[in-house]
Each structure stands twice: as structure tokens, then as C-alpha cells.
1. Of everything in segment 181-192, what is within 25 Å of residue 97 (Cβ to Cβ) and in contact with a helix residue (DSSP H, G or I) (Cβ under 9 Å, 6 or more places away or on another chain)? Give them in sequence order.
2. Scan 71, 131 and give me the residue that is within 16 Å of the ligand (Cβ to nearest atom) and either at pLDDT 95 or above or in contact with a helix residue (DSSP H, G or I) (Cβ under 8 Å, 6 or more places away or on another chain) (or both).
3. Under 8 Å between Cβ atoms, at least 6 apart or on separate chains: pull out the pairs that start in segment 61-75 with a residue that is free of Cβ contacts under 8 Å to residues at least 60 places away in the same chain and end on any residue that is away from the ligand (no atom under 15 Å from the Cβ).
4. Of these, 137, 51, 56, 61, which one is exposed (fewer than 15 other Cβ atoms within 10 Å of the Cβ), modelled with pLDDT of 95 or more and either more than 16 Å from the ligand (Cβ to nearest atom) or under 15 Å from residue 225 (Cα atoms) (or both)?
5. Could you grab the pairs with beta carbons closer than 7 Å, sequence gap of 6+ or different chains, first residue in segment 139-158 and farther than 27 Å from residue 129 by Cβ, second one assigned to a helix (DSSP H, G or I) and near the ligand (Cβ under 9 Å from one of its atoms)?
6. Can you tell me how many residues within segment 202-213 are under 23 Å from the mean Cα position of the chain (by Cα) and surrounded by 15 or more Cβ atoms within 10 Å (Cβ to Cβ)?
7. Hey, does segment 217-228 have a residue that's over 28 Å from the mean Cα position of the chain (by Cα) and in a loop (DSSP other than H, G, I, E, B)?
Ligand code: SF4
């Protein structure tokens, strides 16, 4: 074999070997790469312990009941308006931490101020009967007020009065925080003060029974239970107007509307 033939054969063997190696890489993937040894060591080092999150990181989400308790704790020490001077207890509101339905009234009365609970006086008892008639319990809804301390005439701590606009403006951020946590599907606005506090509207007579919206949440204004008591109580005409409003709320929630039959008051003790 001539020298030339030997050189050609050697080149051919080398070309075939390169072809076979390329085919193997295509079939099996890259087996190795050239790499800086320092970089390789750093890549192979075990991961460092996780560092503290940056200060700008979002806080971990807390359960709604915990968030509500934190709001209530701040309310308990609040001195933003003069009502703190004559209160016995703050009344943040109570009920289910993630309710479908939120009731918002005006402010605590004498009994609420004594117990620290919303709607536990005579008007609250009427509201309880109404809620039960809707097929719900107080534990399934949340009940709160526009102001969290009892407003009284001349701030003397005796006769109830509606809160002033300044008192409402001072207190309503708490309710706004509560609503952001509760995320109810529907809000029922009880009476003209709550209507003005939440929506800036006057005349509950004009707006009751008509849907409005509060920050994307449907809101149904209706009469305050105290007004129903003054208008004769459960079985009177105003009561049934409120019942029609609550029937509309139940339909909005996709819940059945109980057949109340002849328009009679709920049985005693219910
Ligand atoms: S009514 Fe509201 S703003 Fe005024 S002191 Fe009570 S919690 Fe604070």
C-alpha cells in the first residue's frame, strides 16, 4: 500500500470515528462538557440555609378569625373620637369569620355597651328572630355597627343618640377592615345611619328594598330593628317590608325563601 493510500485510510477512519461519536451524542445526550473547576465546585456545593425574607415580602396570610381578633384588639384601645370617654365596652361585632351575609347597624346601645356584643338588646332580639325566619342562625352571619362605642346624648352615658358624621368618619375604617376580612357575599344595611355611613346616601325609606353596591359587594338597605319596634314589632306592616327585603337577599344568595304563610309573628321562643 502506498504512502498516499495509508494517509487516505487514516483520514477516513478518523472521519468515521468522528461521525460515530457525533451519532452517540445525538442519541444519548452530552456526556461531558468542558468546565472551569472553580465553577464546577460552586455548582456542586450544598445549598445554603434559606435567608430571611426581604422586608418588602407580603406577610403570610392569617385566618380571618385571627385578623378579626386583631382588629377588635385595636378597637378596644381606640381613642380616635370622644365616644371612648363614656363607653363601658367597645363593640366590634361578632359572628362567623367568613359569612355569606353581613348585617351592619348604627351603633351600640345600653345593653351592647354593657356586654360588648352587637345587637343583644330588644332590637337585637327582633333581628335574631328575623335571621332565624330566614333559615339562618346568628352564628352563620356577622353582625356589626358603623361605630364601635355607644353614642349618648351630650356624651352623658345615658340616652342613646345616632353617631355624628365626625364619629362615623373616625370609626368607619375599622368596619372597612372588617369587611375586607369577612368578604361577605351580601351586606344588609340596617337603617339610615348605616346607609349614610356606608354609601353616603340619605333616606332609608327611599332606598330600602333596592340593591346598591359597596366596593363590589351587593348591599341591601332596610329598616333598623329599633324602628320596627317603634312601628309595632314583628307583625306590623313595616316588619313585612323588611321581610320582603330579606327574601330578596335570600334569592341573591341562592337560598330558599321560607314560606311564612299568613303574615303572622314568629312563634314565641323561636
Ligand atoms: S367609636 Fe370608633 S373611633 Fe370612636 S373611640 Fe370608639 S372605636 Fe374609636
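1. Keep residues of segment 181-192 that are within 25 Å of residue 97 (Cβ to Cβ), which gives 181-191.
Hits for segment 181-192 are 181, 182, 183, 185, 186, 187, 188, 189, 190, 191.
2. 71
3. 63/97; 65/97; 70/62
4. None of the others qualify; the one that does is 137.
5. 155/82; 155/85
6. Qualifying residue count for the region: 1.
7. To start, the set of residues in segment 217-228 that are over 28 Å from the mean Cα position of the chain (by Cα) comprises 227-228.
Restricting the remaining residues to those that are in a loop (DSSP other than H, G, I, E, B) gives none.
No, because not a single residue in segment 217-228 is over 28 Å from the mean Cα position of the chain (by Cα) and in a loop (DSSP other than H, G, I, E, B).
Yes/no matrix, rows are residues, columns are (1) within 24 Å of residue 77 (Cβ to Cβ); (2) out of contact with any helix residue (DSSP H, G or I) (no Cβ under 6 Å at 6 or more places or on another chain):
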residue: 125; (1), (2): no, yes
residue: 143; (1), (2): yes, yes
residue: 153; (1), (2): no, yes
residue: 174; (1), (2): yes, no
residue: 200; (1), (2): no, yes
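The values are calculated or read from the model by the stated rules, or taken from the named source; none is laboratory data. What you see is a predicted model; the values in this text were computed from it and never measured. We place every Cβ from the backbone using ideal geometry, glycine too, and count neighbours over all the protein chains shown.
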